[in-house]
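The values are calculated or read from the model by the stated rules, or taken from the named source; none is laboratory data. Predicted model only: the values in this text are computed from it and were never measured. Cβ atoms come from the backbone with ideal geometry, glycine included; neighbour counts cover every protein chain shown.
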Amino acid sequence: MPEKQGEVMWPRLIASKVLKKRLGSNNFVADFPINSFENLLDDQSLISSTIICNDDHAETQKYKIFASTWNVGGVAPSDNLNMEELLETFNTSCDIYVLGFQEVVPLRASNVLGSENNRITMKWNSLIREALNKKTSQQRNEENHIGFPTKGGKSMESSISPEFRCIISKQMVGILISVWVRNDLRTYIRSPNVSCVGCGIMGCLGNKGSVSVRFRLHETNFCFVCTHLASGGREGDERYRNSNVAEILSRTGFPKGPSLDLPQKIRDHEYVIN
């Protein structure tokens with residue numbers, strides 16, 4: 001029977017409350033506390049360095065971004081999983097790495113309604129960290145054995161590759177998104193944030209839905225959306241997936257930021273990668 005005007009079905013209300021309690025507002029895991037990004041706004045030398053003027057035009061900074069998605073089917077990663085193949089670190093080096101996962105945990109009731117399995121997230125992030133920083137670790141080990149070459153009595157500058165650090169990691173049930181940047185780029189990143197939308201069971205729970213992240217690099221706003229949509233290969237199932245996408249676009253929202261000038265919806269960002 002259709003709902004009466006002004007009446008809210010109690011299963012949907014309960015599901016919504018459970019989801020909000022578990023997701024938190026804008027909580028995420030990172031190598032740095034959230035205040036450290038916003039405190040950089042007070043550094044005038046940083047602000048002036050983010051835009052380099054040349055004949056009254058801002059200079060464009062070019063960066064390489066690696067983005068990948070992987071449905072792991074509810075299987076926990078093994079200790080010897082080679083993430084280097086996925087990240088292709090042996091072929092090229094990017095400045096920013098964004099990895100989205102689906103079904104990092106089996107989608108059974110205990111995982112959908114229970115507490116998050118943070119151990120799985122920590123395991124994935126540990127493997128990513130190891131793969132991204134493998135070259136750095138090897139170079140440091142070599143330097144510990146042979147030392148720096150010198151010139152004119154002074155040590156030459158180290159050629160060690162920059163370290164990668166995690167600026168955002170967020171899990172919602174089986175959806176996990178993890179963002180890594182070169183350590184020297186962190187000072188140019190502001191207002192990292194997350195927005196979770198659950199549109200699974202009862203239209204609210206996080207077995208299906210999205211985890212979106214946003215941040216500003218220099219003066220450009222980026223949004224990355226990791227989704228897990230309704231399944232099914234029968235005719236008409238695509239309508240459920242299209243409905244999920246409509247819900248994600250409608251319900252995803254970010255704060256305006258300390259200067260009240262940041263985009264709040266997915267489509268308002270300058271670069272959106274899904």
The number of residues in the stretch 260-274 that are surrounded by fewer than 15 Cβ atoms within 10 Å (Cβ to Cβ), modelled with pLDDT of 95 or more and among the aliphatic types (A, V, I, L, M) is 1
Condition (residue is of a type in the set (A, V, I, L, M, F, W, C), in a strand (DSSP E or B) and touching a strand residue (DSSP E or B) at 6+ places or on another chain (Cβ under 6 Å)) applied to the stretch 257-274: is it met by at least one residue? yes
Only one of R190, R186, R216, R234 is at negative phi and more than 18 Å from the chain's Cα centre (by Cα); which? R234
Search the stretch 56-90 for residues being part of a loop (DSSP other than H, G, I, E, B) and of a type in the set (S, T, Y), and hand back the single one that is surrounded by the most Cβ atoms within 10 Å (Cβ to Cβ). T89
All conditions in (1) assigned to a helix (DSSP H, G or I); (2) farther than 21 Å from G198 by Cα; (3) hydrophobic (A, V, I, L, M, F, W, C) are true of L249 except (2)
Between residues in the stretch 241-266 that are on the phi > 0 side of the Ramachandran plot and residues that are in a loop (DSSP other than H, G, I, E, B) and at pLDDT 95 or above, which pairs lie under 8 Å by C-beta distance while being six or more apart or on different chains? none
For R214, only one of the following conditions fails: (1) outside any strand (DSSP E or B); (2) touching a residue at least 24 places away in the same chain (Cβ under 8 Å). What is its number? (1)
Restricting to the stretch 116-134, name every residue that is more than 18 Å from R165 (Cα to Cα) and among the basic types (K, R). R119
For the stretch 208-237, which residues satisfy the criterion of being among the β-branched types (V, I, T), in contact with a helix residue (DSSP H, G or I) (Cβ under 7 Å, 6 or more places away or on another chain) and surrounded by fewer than 19 Cβ atoms within 10 Å (Cβ to Cβ)? none
Of all residues in the stretch 221-255, count the ones that are in contact with a strand residue (DSSP E or B) (Cβ under 9 Å, 6 or more places away or on another chain) and more than 26 Å from V104 (Cα to Cα). 2
